[in-house]
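Undergrad: Here it is: the structure, laid out below.
The values are calculated or read from the model by the stated rules, or taken from the named source; none is laboratory data. Note that this is a predicted model, so its numbers are computed, not measured. So basically every Cβ, Gly included, is an ideal-geometry build from the backbone, and we count neighbours across all protein chains shown. Note: areas computed on protein heavy atoms with side chains; ligands, DNA, RNA excluded. Shrake-Rupley method; radii C 1.70, N 1.55, O 1.52, S 1.80 Å.
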Amino acid sequence: MKHVRKAGCALLTALASLMAWPAAAQTPPSPAPIRIGLIAPLTGPSSDFGRPVLNGAQMAADEINAAGGYLGRPIELVVHDDKAQPDAGRAASQAMLDSGVLAAIGFCNTGVALKSIELFQQAKVPLLVPCSAGAPVTRQFPAPESYVFRNAPSDALQAPFVVNDLIRRGWTKVAIFADKTPYGESGLKDVEAALATHQLKPVHVERFDLGVKDLTAGLQKARQAGANVIFSYTVGPENATIALGRQAMGWDVPQVGGWTLSFPFFIAGGGAAAEGALMAQSFIAEPSNERRAAFLASYARKFQGPPPVPMAAAQSYDAMYLLTYAIFAVRGKLDGPAVKQALENLPRTYYGVVATYDRPFTPDDKEALTSNMLIMGQVRKGKVTFAYPEDARRNLFVQRKR
């Protein structure tokens, strides 16, 4: 308890520092709230990580408001559910923009994001992506012009990070199982590119539709091809389908992947078959330092339990603070272009939960995370923990961008 109280004091100190930041406004602001959009899959098949995105952002907004908001103006979240459906996401995005948000946090599914991000670009409303990992998400527009930022690890980082770990373990006969969504498509390309840097090719590639209930035929082909590891790229239930199919065949090979292997749909759905799975992570829910202890304790109090997908909650929490830091850095008119410019030139370091954000963005770089911020997670006894003791020790120190 003493450790948690100390962590809480550190958080309050950071908040006080932020709210003491001199603002440029020369006249008293109106009491109107600062409206920030939030769009995520709050219902449907991706709600297991969409809900933590909402909770993380709301928790940060509540803390900021408790400390006075922006010159007395509260942060107001304008929440929309994209249902993990591209068309629904685009309609919700347009409704959000029509309501007059200053900036937005959002998207978990790559296909949904790609259907909608042009709307934010056209409206000149900065979009901070705390969840969707597909590499194309931040590549749709030339970086200096782009209003799309991300503080989640791109699959262009995750795929080579995991492949390097496979090489270290001697698992070089890789079978890739990727769904047919834009997420699976881009992830497949990233894994193939990462393997190619080691002069390797997958021994088998299996593509499948979302909702598939049986992948036995593909698993048998992968085993016949001599695979000694399965690299899966899909969102959740299908990851469990792979694990359960492998278990039913009595095929004892590891399953690895991106961060989606940390989702409840995989861990709970796969049960014993999910044990030992390895995945890239930016945040593991263990109170390894004061910042993370404070975040986890506050989340558990506010939402009556730990975050079901810790990375989603932590990255969304940091996203709200990054936007708030940018808002406080604006000199002059507070609008989308000004917030974009402030994000690209943040004058102060934000000591976040996932990372220490020291110049996280520039006009030419819209990705806040770098590979040194990643760690290998592993499913043990139904929870994600550190795969390596050295990662647990390294996690005592919050990493900075390289």
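Undergrad: For Gln399, what residues show an amide H to amide H distance below 5 Å, using hydrogens built from the backbone and excluding near sequence neighbours?
TA: Thr356
Undergrad: Run through the DSSP bridge list for the chain and note the antiparallel percent, rounded to the nearest 5.
TA: Percent antiparallel among DSSP bridges in the chain is about 25.
Undergrad: ³J(HN,Hα) across the range 121-132 via Karplus (A = 6.51, B = -1.76, C = 1.60, θ = phi - 60°), whole Hz, x for Gly/Pro?
TA: Rounded to whole hertz, the list is 5, 5, 7, 6, 10, x, 10, 9, 9, x, 9, 4.
Undergrad: Let me ask another. How large is the Rg to Rh ratio of the range 163-203 when both quantities use alpha carbon positions and Rh follows Kirkwood?
TA: 0.98
Undergrad: I want the antiparallel fraction of DSSP beta bridges within the range 291-402, as a percent rounded to 5.
TA: 90
Undergrad: If you average the alpha carbon positions of the range 31-45 and of the range 246-263, how far apart do those two centres end up, in angstrom?
TA: Using only Cα atoms, the two centres lie 34 Å from each other.
Undergrad: What length, rounded to one decimal in nm, is gained on full extension from Asp209 through to Ser99, with 0.36 nm per residue of separation minus their alpha-carbon distance?
TA: Taking 0.36 nm per residue and subtracting the Cα distance, the gain is 36.1 nm.
Undergrad: Let me ask something additional. Just to confirm my numbers, what's the Cα centroid distance between the range 307-380 and the range 85-135 in Å?
TA: Going from one Cα centre to the other spans 17 Å.
Undergrad: Relative to the longest principal Cα axis of the chain, at what angle does helix 182-196 sit, 0 to 90 degrees, rounded to 10?
TA: Tilt relative to the chain: about 70 degrees.
Undergrad: In what order, largest first, do Trp171, Trp259 sit by accessible area if the probe radius is 1.4 Å?
TA: In descending accessible area the options line up as Trp171, Trp259.
Undergrad: Can you match volume of the Cα convex hull per residue in Å³ to one of these, [x] 146; [y] 124; [z] 164, based on a calculation from the structure here?
TA: Correct label is [y].
Undergrad: Taking the 0 to 90 degree range and rounding to the nearest ten, how far is the long axis of helix 86-98 tilted relative to the main principal axis of the chain, both from C-alpha atoms?
TA: Compared with the principal axis, the helix lies near 10 degrees.
Undergrad: How much length, in nm to one decimal, is gained on full extension between Gln220 and Asn372, taken as 0.36 nm per residue of separation minus their Cα-Cα distance? Intermediate values should be presented prior to the final figure.
TA: Numbers: separation 152, 0.36 × 152 = 54.72 nm, distance 3.61 nm.
This chain segment gains 51.1 nm when fully extended.
Undergrad: Using a simple spin-label model with points 7 Å from Cα along the Cα→Cβ vector, what separation in nm is obtained for Ala268 and Gln140?
TA: 3.1
Undergrad: While we're looking at this one, here's another question. With every protein chain left in place, what is the accessible area of Arg393 in Å² (1.4 Å probe, nearest 10)?
TA: Accessible area of Arg393: about 140 Å².
Undergrad: Right, something else. Straight-line reach from Lys366: which lysines fall under 28 Å, measuring Cα to Cα and dropping same-chain residues less than 8 apart?
TA: Straight-line reach from Lys366, under 28 Å: Lys83, Lys115, Lys124, Lys180, Lys189, Lys333, Lys340, Lys401.
Undergrad: Then there's this: Taking the dipole about the Cα centre of the range 143-224, with the C-beta of Lys and Arg at +1 and of Asp and Glu at -1, give me whichever of His198, Asn151, Trp171 is farthest to the positive side.
TA: Ranked along the dipole, the leading option is Trp171.
Undergrad: Same structure again: Solvent-accessible area per residue for the chain at a 1.4 Å probe radius, Å²?
TA: On the way: 15520 Å² over 402 residues.
Using a 1.4 Å probe on heavy atoms only, each residue of the chain averages 39 Å².
Undergrad: Assigning unit charges at the beta carbon (Lys, Arg +1; Asp, Glu -1) and nothing else, what dipole magnitude in debye, to the nearest 20, does the range 55-187 show about its Cα centre?
TA: Rounded to the nearest 20 debye, it is 460 debye.
Undergrad: Considering only Leu334, Leu323, Leu346, whose Cα is most displaced toward the positive end of the charge dipole of the range 317-365, charges sitting on Cβ of Lys, Arg (+1) and Asp, Glu (-1)?
TA: The one lying farthest along the dipole's positive direction is Leu334.
Undergrad: Work out the FRET efficiency for Thr172 and Gln247 from their Cβ-Cβ distance, taking R0 = 22 Å, and round it to the nearest 0.05.
TA: It comes to 0.45.
Undergrad: Just for the Cα atoms in the range 270-402, what are the lengths along the principal axes, largest first, rounded to whole Å?
TA: Reported extents, whole Å, longest axis first: 56, 33, 27.
Undergrad: Given points 7 Å out from each Cα along the Cα-Cβ axis, report the Ala392 to Glu76 separation in nanometres with one decimal.
TA: Spacing of the two 7 Å Cα→Cβ label points: 4.7 nm.
Undergrad: Can I ask one more? When the dipole is taken about the Cα centre of the range 300-402, and only Lys, Arg (+1) and Asp, Glu (-1) are charged at their Cβ, what size is it in debye, to the nearest 20?
TA: It works out to roughly 360 debye.
Undergrad: Work out the FRET efficiency for Thr197 and Lys381 from their Cβ-Cβ distance, taking R0 = 41 Å, and round it to the nearest 0.05. List each step's numbers first, then the result.
TA: Details: r = 34 Å, r/R0 = 0.84.
Efficiency for this residue pair is about 0.75.
Undergrad: Another question, then. With charges only on Cβ, +1 for K and R and -1 for D and E, what is the dipole size of the chain about its Cα centre, in debye, rounded to 20?
TA: The dipole of the chain has a size of about 840 debye.
Undergrad: Another question, then. With every protein chain left in place and a probe of 1.4 Å, what is the accessible surface of Leu128, to the nearest 10 Å²?
TA: Counting only protein heavy atoms, the figure is 0 Å².
Undergrad: Residues with amide H under 5 Å of Arg35's amide H, sequence separation 5 or more or different chain, H placed in the peptide plane at 1.01 Å from N; which?
TA: Glu76, Leu102
Undergrad: Using a 1.4 Å probe on the protein heavy atoms only, what accessible surface does Lys83 show? Give it in Å² to the nearest 10.
TA: Roll a 1.4 Å probe over it and Lys83 shows about 100 Å².
Undergrad: Shifting gears a bit: Please give the helix 155-169 orientation as an angle from the longest Cα principal axis of the chain, in degrees from 0 to 90, rounded to the nearest 10.
TA: Its long axis makes an angle of about 40 degrees.
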